[in-house]
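Okay, structure first, notes after.
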Amino acid sequence: ALSVTTNPTPVGNSVTVYYKKGFTTPYIHYRPAGGTWTTVPGIAMPNAELTGYAKMTINIGTASQLEAVFNNGSGAWDNNNGQNYLFNVGTWTFTPSSSGGVGTITAGP
């Protein structure tokens, strides 16, 4: 007899963030929207397969968005002027502003 098991509850969603290096060693401090923040300064983002970028994939569980800010691990922050950045499920590229202003989020790597 063939037994088939199904899991009706999704195991979670993930968000992949490519970070165009404004900080040489970027950290991502985040939480699934409405959830608990990582401990400051967050997690160092490993280098991506694309030169000049860091990349991290984060499982956000049942949340619909990832709320995040970026820093250099030494006290310099990019937090969207205190509003934080929101990423939907999927793959995104974050480009910091060259003038210290708000960065931009674009779809895809």
Cut-off under 5 Å, modelled amide H: who pairs with N80 long-range: G103
I'd like the carbon and sulfur percentage of the solvent accessible area for the chain, probe radius 1.4 Å, heavy atoms only, ligands and nucleic acids excluded. 51 percent
Accessible surface, per residue, of the chain when the full set of protein chains is kept, probe 1.4 Å, Å²: 58 Å²
How much net charge surrounds M45 when only other residues with a Cβ under 12 Å from its Cβ are counted (Lys, Arg +1; Asp, Glu -1)? +3
Below 8 Å, C-alpha to C-alpha, sequence gap of six or more: please give me the relative contact order for the chain in percent. 31 percent
For the chain, what is one quarter of the convex hull surface built on the Cα atoms, given in nm²? 8.6 nm²
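The values are calculated or read from the model by the stated rules, or taken from the named source; none is laboratory data. Only a predicted model underlies this, so the values are computations on that prediction, with no experimental measurement involved. Note that we place each Cβ from the backbone using ideal geometry, even for glycine, and neighbour counts take in every protein chain shown. In case anyone asks, the SASA skips ligands and DNA or RNA and just uses the protein heavy atoms, side chains included. Shrake-Rupley method; radii C 1.70, N 1.55, O 1.52, S 1.80 Å.
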